[in-house]
Amino acid sequence: MNQVMVVPFPGRGHINPMLNLCNRLSSRSCTTIFTVVVTEEWLGFLNPDPEQDNIRFATIPNVLPSELNRGSDVVGFLTAVNTKMEGPFVEVLDQTEFPVTLIIADGAMGWPFDVANRRNIPVAMYWPMSASTLSVSHHVDLLESHHHLFVDVSGNFFNSEAELFRDLYIEY
């Protein structure tokens, strides 16, 4: 048996497309188990289909602000995603039933790629948003240097995201 760990960004527009990808991939292989890692809160929202033998769910504790009010502190939520999920994910990874042969990670997070590289596990980036969003995220420094942005992004979340995307493309 092969096991693929799937790590979606904890948001509706990310988890649902990632689940659709898992459904498509699992329909083509009965020898691969897809384990989707979500918070306990998100598992309650999803109501997984018990009929799916090769798509499983693993949970990490609710280390993030609740989905129900995360909009009240977006920066805090994004900071928590990038700083508090890695440790619990590594614990889940250490407890897998079968060896993990691949990690599919949402491109909006950097830490799954670091974990995969440290453990020498192949990793694939899944980007559920539009290609134009990826391009803007990847080139935000150029947009800023050519004065095409009307906000100062130096030192805030957007600048660190641009660095993340540059690192992803250079290192991976």
- Note on the structure: Scanning region 11-37 residue by residue, those part of a loop (DSSP other than H, G, I, E, B) and open to solvent by 60 Å² or more (accessible area, probe 1.4 Å) turn out to be SER27, ARG28, CYS30, THR31
- Message: With the requirement that a residue be surrounded by fewer than 13 Cβ atoms within 10 Å (Cβ to Cβ) and in a helix (DSSP H, G or I), what does region 38-57 give you?
- Response: GLU40, GLY44, PHE45
- Note on the structure: Pairing a residue in region 6-34 that is over 24 Å from LEU78 (Cβ atoms) with any residue that is acidic (Asp, Glu), where Cβ atoms lie under 9 Å and the two sit 6 or more apart in sequence or on different chains, gives SER26/ASP53; CYS30/ASP53; ILE33/ASP53; ILE33/GLU97
- For region 144-168, which residues satisfy the criterion of being in a loop (DSSP other than H, G, I, E, B) and modelled with pLDDT under 75? HIS147, HIS148, LEU149, PHE150, VAL151, ASP152, VAL153, SER154, GLY155, ASN156
- Going through region 107-143 one residue at a time, which ones are aromatic (Phe, Trp, Tyr) and in a helix (DSSP H, G or I)? TRP111, PHE113
- Please specify each residue of region 60-101 satisfying the condition of being open to solvent by less than 50 Å² (accessible area, probe 1.4 Å), modelled with pLDDT of 90 or more and not in a helix (DSSP H, G or I). ILE60, VAL63, LEU64, MET85, THR96, VAL100
- Identify the residue in region 1-10 that is buried (at least 20 other Cβ atoms within 10 Å of the Cβ) and touching a Ser or Thr at 6+ places or on another chain (Cβ under 9 Å) and, among all such residues, is nearest to TYR126 (Cα to Cα). VAL6
- Note on the structure: Exception for VAL63 within (1) touching a Lys or Arg at 6+ places or on another chain (Cβ under 9 Å); (2) touching a residue at least 40 places away in the same chain (Cβ under 8 Å) falls at (2)
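The values are calculated or read from the model by the stated rules, or taken from the named source; none is laboratory data. Fair warning: this is a prediction, and the values are worked out from it, not measured in the lab. Don't worry about glycine lacking a Cβ; one is built from the backbone with ideal geometry, like all the others, and counts go over all protein chains shown. The accessibility values were calculated without ligands, DNA or RNA, using every heavy atom of the protein model including side chains. Shrake-Rupley method; radii C 1.70, N 1.55, O 1.52, S 1.80 Å.
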